[in-house]
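The values are calculated or read from the model by the stated rules, or taken from the named source; none is laboratory data. If you're wondering where the values come from, they're calculated on a predicted model, not measured in any experiment. Every residue, glycine as well, gets a Cβ built from its backbone with ideal geometry; the counts of neighbours run over all protein chains shown. In case anyone asks, the SASA skips ligands and DNA or RNA and just uses the protein heavy atoms, side chains included. Shrake-Rupley method; radii C 1.70, N 1.55, O 1.52, S 1.80 Å.
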Amino acid sequence: MSIRRPAAIPSREITDEEVYLRRRHFLQAAAGAAVGMALTGCRAEEVSAGPAAPGPAALSGVVKGPAAFQTDEPSTPFEDVSTYNNFYEFGTDKEDPARRAGSLRTRPWSVAIEGEVARPGVVAIEDLLRPHALEERIYRLRCVEAWSMVIPWVGVPLGEVLKRFEPTSKARYVAFETLVDPELMPGQRRRILDWPYREALRIDEATHPLALLAVGMYGKVLPNQNGAPLRLVVPWKYGFKSIKSIVKVRLQEAMPETSWSAENPREYGFYANVNPEVSHPRWSQARERRIGDWKKRPTLYLNGYADQTAHLYKGMDPKKLY
Ligand SMILES: Nc1nc2c(c(=O)[nH]1)N[C@H]1C(S)=C(S)[C@@H](COP(=O)(O)O)O[C@H]1N2
Ligand SMILES: [Mo]
């Protein structure tokens, strides 16, 4: 069932999409996504948008995720979500990814699953996704830079995917890596970070039902600049944990090193749980600017997902989970 029948799309969203379709720079980026986007053989078959409607193709067979994974808050317009990005592989300005990520080729794409699993392997993205229903989840995204968005993602629960590879009893952490290819990712020609971008979760965080492997947003294939073809979404943590364009997943016993905490351990920790009471060394995290809003709003503990995730940190000092 497609939840993106025209009648179900609010008029505000249609207007946003009309605006973005006129944006030349966005079209260039989307053309890159369109080339490799056929999720052939999986439940997310490409629905051809036709030449008159460029931009990311619609995903079919998307089901609405459980109520606990939705929000009544208005979604941030597609135009903003797809043009205001952090993706340092394409440059450090917010507009760089939308302007430059057209160079990324997202098919063929495979993901290596390694380490403490009974069934390791290198899996084509189609095979990785095939057994799973694509779900829509509307999540808040809170960047450590104190801005936020509300994004209707399409994806599959990470825990369900990991289960198929049969984690061993030694699998205490899950580490992720982004593609390294300076030809496709021009920002990697400079050592802005120690590439590849690396992120990780504790196994109980990774298998929490909120943790999502996203392949789309707004009912469509993910634009390259948002982390195509496959990115993590962990909504109770700062946005930098939600690693994009994943090529490797490694389950392991030791706590993995992560890019931002390796770069600057004083400013970025392993947990990076959203917490209004723990300031970044250079700014407060008490408030945030929702993209599109004028006034700042208070930041919520665990980004408003404390009901669902606080139990993961029982007995740990919340102030140390930065
Ligand atoms: N590989 C990679 N993943 C990344 C980043 C990045 O620079 N490279 N930026 C992170 C940061 S800081 C944020 S806030 C989110 C932004 O996701 P969005 O652009 O889809 O909103 O992606 C995260 N994932
Ligand atoms: Mo971020």
Amide H to amide H under 5 Å from Lys64: which residues, 5+ apart in sequence or cross-chain, H placed 1.01 Å off N in plane?
Glu136
Keeping all protein chains in position, work out how much accessible area Val117 exposes to a 1.4 Å probe, and write it in Å² to the nearest 10.
10 Å²
Gain in length, Ala118 to Val180, computed as 0.36 nm per residue apart minus the alpha-carbon separation, to one decimal in nm?
19.7 nm
Can you return the lysines within cross-link range of Lys296? Criterion is Cα-Cα under 20 Å, with same-chain partners fewer than 8 residues away left out.
Lys94, Lys237
Need one word for segment 166-223: rounded, prolate or oblate. Basis is the Cα gyration tensor (sqrt eigenvalues a ≥ b ≥ c); a/c below 1.5 gives rounded, then a/b vs b/c decides.
oblate
FRET efficiency estimate (nearest 0.05) - Cβ-Cβ, Glu166 to Arg190, R0 51 angstrom:
0.80
What are the residues whose amide H is under 5 Å from the amide H of Lys220, where those residues sit 5 or more places off or on another chain and H is modelled from the backbone?
Leu59
Charge dipole (segment 13-312, unit charges on Cβ, about Cα centre) - positive-most of Ala214, Val144, Met255
Val144
Given a Förster radius of 41 Å and the C-beta distance between Ser279 and Glu253 as r, what FRET efficiency does 1/(1 + (r/R0)^6) yield to the nearest 0.05?
0.80
In nanometres, what is the gap between the two model label sites at Asp80 and Lys94, each 7 Å from Cα along Cα-to-Cβ?
0.9 nm
Accessible area per residue in Å² at 1.4 Å probe, computed on segment 13-312:
40 Å²
Roughly how big is segment 133-258's charge dipole about its Cα centre, with Cβ charges of +1 (Lys, Arg) and -1 (Asp, Glu), in debye to the nearest 20?
140 debye
Gain in span if fully extended, Trp294 to Thr71, counting 0.36 nm per residue against the direct Cα distance
78.2 nm
